[in-house]
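Encoded as structure tokens, the structure appears first; notes follow it.
The values are calculated or read from the model by the stated rules, or taken from the named source; none is laboratory data. Just so it is clear, the structure is predicted and the values come from calculations on it, not from any experiment. Counting neighbours? That spans all protein chains shown, and the Cβs are built from the backbone with ideal geometry, glycine included. Accessible surface areas use protein heavy atoms only, side chains included; no ligands, DNA or RNA. Shrake-Rupley method; radii C 1.70, N 1.55, O 1.52, S 1.80 Å.
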Amino acid sequence: MSGQFPAGSAIELVGLTKRYGTSVVVDRLSLSVPRGSTFGLIGPNGAGKSTTIKMLMGLLAPTSGSARVLGFDVATRSRDVRRQVGYVPETHQIYRWMRVGEVVGFVKLLYDSWDDRLCEDLLDRFALDRNKRVKHLSKGAIAKLGLLLAIAHKPEVLVLDEPVSGMDPIIREEFLEGVLQAVADGRRTILFSSHNLDDVRRLADSVAILCEGRLVVHRDTDALLASTKRVTAVLKDGCLPRGAPEGVIWQRVARREWSLTITDFSGEVLGRLKDENPIETVTVEDLGLEDIFKDYIKGRRAVE
Amino acid sequence: MRIDPKSHVPIYLQIVEGIRSEIGSGLRRPGESLPSLRALAVELLVNPNTVQRAYEELERQGLIISRRGVGMFVATTDEEVTRGSEEEAVLDTFRKGIASARAARISTRGITQLFEVALGQTRRRAGGRT
């Protein structure tokens, strides 16, 4: 596999798989994330997002397949990966009895590239009291400390696992501002998983939907939104659809109404749908990311 | 300016329209500087790549210009900026007219004919004044 790593990629997964006994948590996942882009990983609970991220960080060994970060295979070069990646885990494992200043001093020792000035700047910006013990910090402050510890060594790649889950709207906004302030000038690559689809829409250049360990779709976010449409057709009395066009990700017939969500939609697709089916009228609507996400998942589950 | 993450309109286009209307309303004046990519990204909570794309589009449309090493500025060729927003306002009036014609079930040909009539009338009026 060496030498196949594309120069423009920061992250490259090839057939990445994690199995526990007979259950497959991550199933032959292949995708690449270009350098300097922001990538959003979404999926229902148990889709394999966290497992994928843990394999990416070298914290879990893949059963098969490979993951490379900045060209380093995570299975054999996890030290190199960790040196150049900032990681904000789902649950912060920061020593709760330590003071903020002590935690910072401790983590600093792990990185050659630690930037003291940036660190001081972030402590001030995030209003973190160096003398406070971690256990006395608010949830939002702990999250910000976690972010600081992940970015003060100026990593090329930032990985965040459900960074804003459980945060109130104000803290969420402050945290996202912190991420953007920290990364906006460095042209860094960001990979994050989230259930907050508004955040994914705001931040992600490309988005991947994971369902039951499998990659359902991975696309440029704007392209996904532009090419996915909901078509609602009224069927002629007593008729059923004869054939759905290509690109249907979800469909439902309820009495005379035939609803379809179609990706790579075009006038040609609509023409064929009309020609080949007993249809009275047809309307085409745009969809937001949330509807597209739900339709992909519902469509996927209907097949299985 | 507000970004609507639920809209299907690409976010970079939402920013383009936001800045266009800020220039149109006089909130941003010709020659004034625009926020840096990073500052606007943080303010709007969007990806800096998206802000860059919006700025590129605004530059292409001649609404803003970049000065190397200094940043982005609202274009000073006033006419171009105001013409852009005036044209947009006229277009909006036309759209409303077309919508009311459609509501009255007037065909596309009928609408075109009515437009020609209106154009002829104003031409005569303008001719009478000079």
When the Karplus curve 6.51 cos²θ - 1.76 cosθ + 1.60 is applied with θ = phi - 60°, which whole-Hz ³J(HN,Hα) does each residue of region B:98-110 get, with x for Gly and Pro? 5, 4, 6, 5, 5, 4, 8, 6, 8, 5, 4, 5, x
So what is the relative contact order of region A:70-208, in percent, for Cα pairs below 8 Å that sit 6 or more residues apart? 29 percent
Under 5 Å between amide H atoms, partner at least 5 residues away or on a different chain: which partners does A:R28 have, H built in plane at 1.01 Å? A:T17, A:K18
Can you give the charge dipole size of region A:9-220 about its Cα centre, rounded to the nearest 20 debye, using +1 on the beta carbon of Lys and Arg and -1 on the beta carbon of Asp and Glu? 560 debye
Under 5 Å from the placed amide H of B:E32, counting only residues 5+ away or on other chains, we find B:V74
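Per DSSP H run of at least 4 residues, take -39500 (n - 2.57); add these up for chain A, divide by its residues and hand me the 222 nm value, nearest 500 deg cm²/dmol. Please report the intermediate quantities before stating the final value.
Working: 10 runs with 101 residues, N = 304.
Estimated from H runs of four or more residues: -10000 deg cm²/dmol.
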Express as a percent, rounded to the nearest 5, the fraction of DSSP beta bridges in region A:9-220 (both residues included) that run antiparallel. 55 percent
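Between A:R79 and A:S227, what FRET efficiency comes out of the Förster formula 1/(1 + (r/R0)^6) with R0 = 35 Å and r the beta carbon distance, rounded to 0.05?
Numbers: r = 41 Å, r/R0 = 1.18.
E(calc), rounded to 0.05, equals 0.25.
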Quote the charge dipole size of region A:229-286 about the Cα centre in Debye, to the nearest 20; the model charges only the Cβ of Lys and Arg (+1) and of Asp and Glu (-1). 240 debye
To the nearest whole number, what is the average tally of beta carbon atoms from other chains within 10 Å of the beta carbons of peptide B:43-56? 4
In region B:1-31, the residues losing 50 Å² or more of accessible area (1.4 Å probe, heavy atoms of protein chains only) relative to their chain alone are B:P5, B:K6, B:H8, B:I11
Heavy-atom accessible area of region B:11-77 with neighbours in place, 1.4 angstrom probe: carbon+sulfur share in percent works out to 48 percent
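Using a 1.4 angstrom probe on the protein heavy atoms only, line up A:C119, A:C239 by accessible area, largest first.
Working: A:C119 5, A:C239 45 Å².
Final ranking, largest accessible area leading: A:C239, A:C119.
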Using the Karplus curve 6.51 cos²θ - 1.76 cosθ + 1.60 with θ = phi - 60°, what ³J(HN,Hα) values do you get for each residue of region A:237-251, in whole Hz, with x for Gly and Pro? 3, x, 9, 10, x, 8, x, 8, x, 5, x, 6, 9, 6, 8
Roughly speaking, to the nearest percent, how much of chain A's 1.4 Å accessible area is carbon and sulfur? 48 percent
Obtain the radius of gyration and the Kirkwood radius of region B:11-77 from its C-alpha atoms and give Rg over Rh. 0.92
Might you work out the accessible area of B:Y55 for me, using a 1.4 Å probe with all protein chains in place, and round it to the nearest 10 Å²? 10 Å²
Neighbourhood charge, 14 Å Cβ-Cβ cut-off, centred on B:A99 and excluding it, Lys, Arg +1 and Asp, Glu -1: +3
Just want the answer: with Cβ charges of +1 for Lys and Arg and -1 for Asp and Glu, which residue in A:L240, A:G71, A:V269 is farthest toward the dipole's positive end in the protein assembly as shown? A:L240
Evaluated at 37 °C with a viscosity of 0.692 mPa s, what Stokes-Einstein diffusion coefficient in µm²/s does the protein assembly as shown have when Rh comes from the Kirkwood expression over alpha-carbon pairs? 131 µm²/s
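Once R0 is set to 30 Å, what does the formula 1/(1 + (r/R0)^6) return for the Cβ-Cβ distance between B:S25 and A:E173, expressed as a FRET efficiency to the nearest 0.05? The partial results should precede the final answer.
Details: r = 26 Å, r/R0 = 0.86.
Once the sixth-power term is evaluated, E becomes 0.70.
With a 1.4 Å probe, what is the total accessible area buried between chains A and B, in Å² rounded to the nearest 100? It would help to have the intermediate numbers written out before the result.
On the way: alone 15280 and 9470 Å², together 22790 Å².
Interface between A and B: roughly 2000 Å².
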In chain B, taking the dipole from +1 charges on Lys and Arg beta carbons and -1 charges on Asp and Glu beta carbons about the Cα centre, the listed residue (B:G97, B:M72, B:L27) farthest towards the positive end is B:G97
I want the local charge near A:G71. Using Cβ-Cβ distances under 10 Å, sum +1 for each Lys or Arg and -1 for each Asp or Glu among the other residues. -1
Only Cα pairs under 8 Å and at least 6 apart count here; give the relative contact order of region B:11-77 as a rounded whole percent. 40 percent
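May I ask you to give the solvent-accessible area per residue for region A:9-220, in square angstrom, as obtained with a 1.4 angstrom probe?
Values: 9120 Å² over 212 residues.
Solvent-accessible surface per residue comes out at 43 Å².
Tell me, what is the percent relative contact order of chain A, built from C-alpha pairs under 8 Å that lie six or more residues apart? Working shown, then result.
On the way: 546 pairs, mean separation 57.3, N = 304.
Relative contact order for chain A comes out at 19 percent.
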Helix-only [θ] at 222 nm, chain B, -39500 (n - 2.57) per DSSP H run of 4+, per residue, nearest 500, equals -21500 deg cm²/dmol
By its C-alpha gyration tensor, with a ≥ b ≥ c as the square roots of the eigenvalues, how is chain B shaped: rounded for a/c under 1.5, else prolate for a/b larger than b/c, else oblate? oblate
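Can you give the charge dipole size of the protein assembly as shown about its Cα centre, rounded to the nearest 20 debye, using +1 on the beta carbon of Lys and Arg and -1 on the beta carbon of Asp and Glu? Walk me through the intermediate numbers first.
Numbers: 63 positive and 57 negative charges, 111 e Å.
Dipole size: approximately 540 debye.
Would you mind putting A:144-154, A:280-290, A:70-80 in packing order, based on average other-beta-carbon counts within 10 Å, highest first?
Details: A:144-154: 22.1, A:280-290: 14.2, A:70-80: 16.9.
My ranking of the peptides, most packed first, is A:144-154, A:70-80, A:280-290.
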Accessible-area loss of at least 10 Å² (1.4 Å probe, chain alone to full protein assembly) applies in region A:156-188 to A:E173, A:L176, A:E177, A:L180, A:Q181, A:A184, A:D185, A:R187
